[in-house]
Amino acid sequence: MPPVLVAAGLAIVLVLGGLVWWLAGSGGCDEDVTVDVTVAPELGTLTEELLSSVESPDDALCVSAEVTAQQPLQTAGDLGALDEGSLPDVWVPDSSLWPARVAGGAELEPVGSMAVSPVVLATSESVVDELGWTGEGPGWAEALGTGRPLAVPDLAASAEALSALAAVRTALGGDADADNAVVAAVLAAARSTELTAGEALTAGSEGGSEAPLVPVSEQEVYAIHQEAEDSALLAVYPAEGSPVLDYPVLRVGSPTGAQARAVEIVTDRLLSEEAQAAVRDAGFRGPEGDAPPGAGADTGIAEVAPEVLALEAPQVQGLLTRLSSLAAPSRVLTVFDVSTSMEAPVNGGTRATLARDAARSTLSLVPDDYALGLWAFAYELDGEQDWTELVPTRELDAVVDGETQRAVLDEQLQTIPERLTPGGTGLYDTTLAAVRAARENYDPTAVNSVLVVTDGTNEDDAEGTSLDNLLITLAAEADPDRPVKVIGVALGPDADLSALEQIAEATGGAAYSAVEEEDLQMVLFDALRQRS
């Protein structure tokens with residue numbers, strides 16, 4: 001063959017080879033687009049597999065996805081703070097509660113639900129048998145009020161824990177008493193076990209008879225069974241139904257052109273039938289509540305989906321705000337009236353024994369990082385002084401002469417009924433002294449307050465401070481850098497609620513009436529709930 005023809009043939013081969021390489025490299029697409037997708041950690045691997053190959057229906061785009069597994073709390077913070085170029089294009093948190101918590105920032109458009117998982121209470125099979133929950137589950141409030149240790153995940157970061165507590169509130173009617181029940185559950189959880197939620201799930205999986213209850217998603221119970229051979233962990237489904245984690249698929253921002261089309265292709269893939277099959281294989285339920293494969297005794301979850309207990313996002317957000325106030329430690333100087341009027345009978349005891357029992361019960365629930373002190377007051381208890389210090393204010397885990405502050409307080413609270421003394425009530429002088437003492441011992445990392453429990457009125461007008469002078473002095477001595485609020489509890493029908501309300505208003509506190517004396521326990525819980 002002549003050299004010219006050989007050269008021409010080689011040129012044609014090279015050109016054709018280059019064309020084939022170009023077509024293969026470009027895939028015939030007009031444009032390459034990357035979609036950033038952020039998902040809840042439990043969906044991370046599954047989502048990467050689903051989006052490892054994304055086909056464009058019209059071949060106009062070559063779409064690839066960058067998947068990031070991240071806790072929803074972190075993503076919610078990013079969405080409210082970062083610029084648009086630093087945000088994902090698609091977000092799949094575990095719950096629709098999260099978008100409501102995004103403060104300003106990016107626009108979020110829900111387009112469907114990728115997975116569904118009811119919120120349950122997980123514990124060991126032996127605990128379920130002991131509590132008689134094998135046939136029918138308890139109510140939410142009953143379940144969290146058994147005295148069984150409760151391991152609650154971090155409320156700020158856990159949609160499961162927040163949903164469970166919101167379910168308690170909803171089941172009880174959503175009023176102030178329901179809020180108090182939730183506060184009691186949170187405080188009880190803080191005191192009932194030192195196990196983390198993860199450690200508590202391990203104890204349940206191992207069949208421990210003392211395993212705590214843990215609010216988790218049903219899918220997590222399923223996943224533990226897949227990982228641990230012969231797991232004894234069971235999901236308990238409360239009688240009123242279960243809130244659900246709905247894993248919403250959210251478009252972030254307002255993309256245009258090819259980017260908008262690529263985002264649509266990715267979200268369609270996440271909502272496809274193939275995706276639904278994949279999430280069910282991973283232990284989630286389908287949109288209609290279809291159970292994952294193997295549901296039943298082998299996986300610790302029910303074959304039939306529980307009834308959905310609907311939660312309103314604004315109400316849950318309000319509950320979170322109230323519960324968040326409990327996260328900050330408290331520094332409370334508690335001041336108890338020990339005048340003889342506290343001998344008034346109530347329910348087989350007296351006001352004094354009622355106050356003692358309610359305070360001791362509340363003390364048993366308060367976390368160790370709270371600091372509490374105790375005074376008693378009446379009239380001229382210590383010379384001309386109307387009050388006496390029984391226990392200085394210290395953190396409850398502080399050790400004093402070999403005893404914890406908690407134990408010392410409990411011992412002194414038991415003496416309250418024995419300290420009753422005649423002569424009247426020096427309410428105003430005591431209140432002013434207590435506020436001054438609390439400010440002198442102020443802790444800038446805590447919520448500082450004075451809790452005054454009295455069943456009477458001020459009876460020291462002739463020699464002591466008047467109400468008007470007390471209010472003027474409180475206002476004059478107020479320090480915005482060291483605020484101390486007064487929480488007043490009027491115990492019984494003869495207490496001066498009006499005076500306590502004025503004192504509370506002057507200090508940014510609150511006043512409560514326990515006319516029905518048996519309600520004192522709830523009043524003390526409510527005082528904690530509204531202390532911030």
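What does the charge dipole of region 328-529 about its Cα centre add up to, to the nearest 20 debye, if the Cβ of each Lys and Arg holds +1 and the Cβ of each Asp and Glu holds -1?
On the way: 12 positive and 38 negative charges, 115 e Å.
The dipole of region 328-529 has a size of about 560 debye.
Based on the alpha-carbon set only, what is the convex hull volume of region 211-367 divided per residue, in Å³?
Numbers: hull volume 35.2 nm³, N = 157.
Hull volume over Cα atoms, normalised by residue count, gives 224 Å³.
Which value, to two decimals, describes the C-alpha radius of gyration of region 282-379 once divided by 2.2 N^0.38 Å?
On the way: Rg = 24.2 Å, N = 98, 2.2 N^0.38 = 12.6 Å.
Output field value: 1.92.
Given a cut-off of under 8 Å on Cα pairs at least six residues apart, what relative contact order in percent is computed for region 328-529? Walk me through the numbers on the way to the answer.
Working: 400 pairs, mean separation 47.1, N = 202.
With pairs under 8 Å counted, the relative contact order is 23 percent.
Once you sort the root eigenvalues of the Cα gyration tensor of region 110-184 as a ≥ b ≥ c, which label holds: rounded (a/c under 1.5), prolate (a/b larger than b/c) or oblate (the other case)?
On the way: a/c = 1.76, a/b = 1.19, b/c = 1.47.
Because a/c hits 1.5 or more and a/b fails to exceed b/c, region 110-184 counts as oblate.
Sequence-distant or interchain residues sharing an amide H contact under 5 Å with Gly112, placed H: which?
For Gly112, the qualifying residues are Val249.
Rank by packing, highest mean first: peptides 133-141, 480-488, 289-297, with packing defined as the count of other Cβ atoms within 10 Å averaged across residues.
With the highest mean Cβ count within 10 Å placed first, the list reads 480-488, 133-141, 289-297.
Å³ per residue of the Cα convex hull, for region 313-459? Before the final figure, lay out each step's value.
Values: hull volume 20.8 nm³, N = 147.
Convex hull volume per residue, Cα atoms: 141 Å³.
Calculate the all-directions average of the projected area of the chain's alpha-carbon convex hull, and give it in nm². Walk me through the intermediate numbers first.
Working: hull surface 140.5 nm².
Projected area, direction-averaged: 35.1 nm².
Mind sorting Leu82, Leu46 by how few other Cβ atoms lie within 10 Å of their own Cβ, fewest first?
Sorted ascending by nearby Cβ count, the order is Leu82, Leu46.
Considering only Gln74, Ala490, Ala164, whose Cα is most displaced toward the positive end of the charge dipole of the chain, charges sitting on Cβ of Lys, Arg (+1) and Asp, Glu (-1)?
Gln74
Roughly what % of DSSP beta bridges within region 328-529 run antiparallel, to the nearest 5? Walk me through the intermediate numbers first.
Working: 11 of 37 bridges.
Here the antiparallel bridges make up roughly 30 percent for region 328-529.
Taking the Cα centre of the chain as origin, work out the dipole magnitude from +1 charges on Lys and Arg Cβ and -1 charges on Asp and Glu Cβ, in debye rounded to 20.
The calculated dipole for the chain is roughly 640 debye.
If each residue's Cβ is checked for other Cβ atoms within 10 Å, how do Arg261, Arg322 rank with the fewest at the top?
On the way: Arg261 19, Arg322 16.
Neighbour counts put them in this order, fewest first: Arg322, Arg261.
Report, in cubic angstrom per residue, the convex hull volume of the C-alpha atoms of region 324-397.
Values: hull volume 7.6 nm³, N = 74.
Per residue, the Cα convex hull of region 324-397 comes to 102 Å³.
Suppose we keep just the DSSP beta bridges with both residues in the chain; what percent of those would be antiparallel, to 5? Let's see the in-between values first.
Values: 31 of 71 bridges.
Percentage antiparallel, nearest 5: 45.
If each DSSP helix of 4+ residues adds -39,500 (n - 2.57) and the sum is divided by the residues in the chain, what number results at 222 nm, nearest 500 deg cm²/dmol? Write out the running numbers ahead of the final one.
Details: 18 runs with 206 residues, N = 532.
That comes out to -12000 deg cm²/dmol.
Throughout, read-outs are computed from the coordinates displayed, never taken from laboratory work. Because the structure is predicted, anything quoted here is derived from the model rather than measured. Note: ideal-geometry Cβ built from the backbone for every residue, glycine included; neighbour counts use all protein chains shown.
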